[in-house]
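Chemist: Okay, here's the structure, questions in a sec.
The values are calculated or read from the model by the stated rules, or taken from the named source; none is laboratory data. On a predicted model such as this, the values are computed, not experimentally measured, just so you know. Counting neighbours? That spans all protein chains shown, and the Cβs are built from the backbone with ideal geometry, glycine included.
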Amino acid sequence: MADFEQIYAQYFPSVYKFVYSMCRNPDVAEEVTQEAFYKAMMHIHRFDGTCQLYVWLCQIAKNTYFTQFKQQKRLVEEGEAPLPDSAAPDFERDLMDQETARKLHMLLHQLPEPYKEVFSLRVFGELPFAQIGELFGKTDSWARVIFYRAKTKLRRDFDEDTV
């Protein structure tokens, strides 16, 4: 058990950033990361060493997040959990910033994989290109190219949308 405490201490911040990059909600990221580490602890005997431990933990976290997201979506569709009202912005500038962020998130959502995920991991998760490449079983150069292409497409699409 002491070994898993070390694993938790070493990898929790990085796995949390990874999850946060997907959901952009600190509470959800915390909950999903905790759940992922619980699952990892229960199934540590299944870790075969074919990939780095960080990659294995991120895969568990990613699967946990998608499972939770699907369950939440199902509850919302059934009308059991209403969506919270967002606070109204106080200033026109805040409204413009929110509108810009909304447009960017919509454009990001429309990007095909792996562009969407690589961009999110880099910008929201603040992961280095080496770790992003490792998550996909690729090189850091591959991650840089995919990120650059995603960023270029987002800029172009945003400029076309605002004209």
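Chemist: If you take the residues of the range 137-150 that are assigned to a helix (DSSP H, G or I) and either touching a helix residue (DSSP H, G or I) at 6+ places or on another chain (Cβ under 7 Å) or not assigned by TED's automatic domain parsing to the domain that holds residue 105 (or both), which of them is farthest from residue 108 (Cα to Cα)?
Modeler: 140
Chemist: Separate question: Which of the residues spanning the range 14-30 are of a type outside the set (A, V, I, L, M, F, W, C), in a helix (DSSP H, G or I) and farther than 16 Å from residue 135 by Cβ?
Modeler: Hits for the range 14-30 are 26, 27, 30.
Chemist: Out of everything in the range 1-51 that is small (Gly, Ala, Ser) and within 20 Å of residue 117 (Cα to Cα), what residue ends up being surrounded by the most Cβ atoms within 10 Å (Cβ to Cβ)?
Modeler: Among those residues, the one meeting the criterion is 36.
Chemist: Find all pairs meeting these conditions: Cβ atoms under 6 angstrom apart; at least six residues apart or on different chains; first residue within the range 31-57 and assigned to a helix (DSSP H, G or I); second residue of a type in the set (Phe, Trp, Tyr).
Modeler: These pairs meet every condition: 32/65; 33/16; 37/8; 41/4; 54/11; 56/47; 57/11.
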